[in-house]
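Peer 1: Right, I'll just put the structure down here and ask away after.
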Amino acid sequence: MQDNRDVLQTLKAELAFVEQGGYRNRARFPWRPSFVFEDSPTCINFDTKQERRPCSECLLMRFVPEDRKDLAYPCRHIPLNSSGDSVAHFYESGTEAELDAALRVWLRNKIAELEASDKAKGRSA
C-alpha cells in the first residue's frame, strides 16, 4: 500500500491543475480534447521522452476498480461519484461541464478523506 502522503500530494496537484484550467487549455494537443488524468502533469507518462511506464505504477491505481485495472486506460474508470459514474461514463454520455464538476468534487472528497486518515494516524499532510 502506498503512503497516503504521496497520493495526497498527487491529488492536490491534480486539483490545482484542474482549478487553473488545465484541461480547458488545449494548447498541448489542439486537434483533440484533453483526457482527464492522462493529459495532466500528475500522469506518470505526461511529457515523457522515454518509454511509457505501465499504468500499474501510477498512484491513482488505488482508486481504479479491480476489474478495470487491466484495461488500456484504467484511470478512465475511476468512479467519481456515489452512482459509480467514471471519467469514461462522462466521455460517453455526459458533458464536459458535468465531468469537470464531478472531478472537482471527487478530488476534494478524496483529499479530505486522506487528510482525515493521516490526522487519525497522527501524521500531518
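Peer 1: Would you check if Gly94 is surrounded by fewer than 14 Cβ atoms within 10 Å (Cβ to Cβ) and more than 15 Å from Ala13 (Cα to Cα)? Walk me through it before giving the result.
Peer 2: Values: surrounded by fewer than 14 Cβ atoms within 10 Å (Cβ to Cβ): no; more than 15 Å from Ala13 (Cα to Cα): yes.
Taking the combined requirement at face value, the residue does not satisfy it.
Peer 1: Determine whether the range 36-53 contains at least one residue that is among the hydroxyl-bearing types (Ser, Thr, Tyr), over 19 Å from Thr95 (Cα atoms) and at pLDDT 90 or above.
Peer 2: No, the range 36-53 has no match at all.
Peer 1: Only residues in the range 102-120 that are within 14 Å of Arg62 (Cβ to Cβ) and touching a residue at least 40 places away in the same chain (Cβ under 8 Å) count as the first member; pair them with residues that are part of a helix (DSSP H, G or I) and aromatic (Phe, Trp, Tyr), Cβ under 8 angstrom, at least 6 apart or cross-chain, and list the lot.
Peer 2: Hits for this filter: Lys110/Phe63.
Peer 1: Something else: Going through the range 65-88 one residue at a time, which ones are surrounded by 13 or more Cβ atoms within 10 Å (Cβ to Cβ), charged (D, E, K, R) and assigned to a helix (DSSP H, G or I)?
Peer 2: Passing the criteria: Arg68, Arg76.
Peer 1: Return the only residue of Leu11, Leu103, Leu99, Leu59 being within 30 Å of Gly122 (Cβ to Cβ) and crowded, with 19+ Cβ neighbours inside 10 Å.
Peer 2: Of Leu11, Leu103, Leu99, Leu59, the one residue that is within 30 Å of Gly122 (Cβ to Cβ) and crowded, with 19+ Cβ neighbours inside 10 Å is Leu11.
Peer 1: Only one of (1) out of contact with any Ser or Thr (no Cβ under 9 Å at 6 or more places or on another chain); (2) hydroxyl-bearing (Ser, Thr, Tyr); (3) farther than 16 Å from Val7 by Cα fails for Ser34. Which number is that?
Peer 2: Only one criterion in (1) out of contact with any Ser or Thr (no Cβ under 9 Å at 6 or more places or on another chain); (2) hydroxyl-bearing (Ser, Thr, Tyr); (3) farther than 16 Å from Val7 by Cα is unmet by Ser34, namely (1).
Peer 1: Which is modelled with pLDDT under 85 and under 21 Å from Tyr91 (Cα atoms), of Arg5, Arg26?
Peer 2: Details: Arg5 fails: under 21 Å from Tyr91 (Cα atoms).
Just one listed residue meets the conditions, Arg26.
Peer 1: Sort out which residues of the range 38-64 are in contact with a Pro (Cβ under 9 Å, 6 or more places away or on another chain) and assigned to a helix (DSSP H, G or I), and write them in order of number.
Peer 2: Selection gives Cys55, Ser56, Leu60, Met61, Phe63.
The values are calculated or read from the model by the stated rules, or taken from the named source; none is laboratory data. Because the structure is predicted, anything quoted here is derived from the model rather than measured. With ideal geometry, Cβ positions are generated from the backbone for all residues, glycine too; neighbour counts draw on all protein chains shown.
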